[in-house]
1. For a Förster distance of 45 Å, can you work out the FRET efficiency between the beta-carbons of CYS168 and ARG121, rounded to the nearest 0.05?
2. By how many nm would the segment from ILE136 to TYR70 grow when fully extended, if each residue of separation counts as 0.36 nm and the alpha-carbon distance is taken off?
3. What shape does the range 80-123 have by the C-alpha gyration tensor, where a ≥ b ≥ c are the square roots of the eigenvalues, rounded means a/c under 1.5, and otherwise prolate means a/b greater than b/c and oblate the rest?
Amino acid sequence: MESTAEDVQKEIAKCMDMAKDGIHAINSLFDALDFVLSINDERPFSNEMFMNIQEAHQMFKSKREIYDEYLMHITKMVEEKLNCTTESLEKQLQEEQKARQYAVNLMADQIRSLQHSCSRRKRELKNERCIILRTIKVFDKIRCGMLWACKENASGGKCKANWSKVCCPKALGGSGHP
């Protein structure tokens, strides 16, 4: 049974309506039409040919659905992997932030401890310096007492040493003290 031009127009319009993929689907349709014309010796379409085209379309549609299902499955797998990786990286980041904060707190404690030790040591050095200065004063007092009066304590006017001889240079027979 032969198809009329009107049937062909309706079928083409129907195919174009179903073609949601744009120009690629239309090009595929025209390629299919050219193929059918070439195997039908350039004769008009018959209903049998339209049935073959519809069957091919159904097969294409089912392949397209399978492709879409695979694509959806792959997309889901990639999203799951990304989510898993993202969660893992976020957990690792949190652990690293905690470790960093612990290190910062530990360093701050150590700095405070060192500052406390430094200030304590400064006080100790100041006290030690005072002790040393007091000790030097005591030794100086004893030395002066020995030089002046041959006693630990000396009070004025009890000089036992000949200071002109003591203060004289060694070359002149003195002790060389200034």
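1. Plugging the Cβ-Cβ distance into 1/(1 + (r/R0)^6) gives 0.45.
2. Extra length from ILE136 to TYR70 when fully extended: 14.1 nm.
3. Note, shape of the range 80-123 comes out prolate.
Read the figures in this text as sums done on the coordinates, not as results from a lab. A quick note: this is a predicted structure, and the numbers were derived from the prediction, not measured. Cβ: placed from backbone, ideal geometry, glycine included. Neighbour counts: every protein chain shown.
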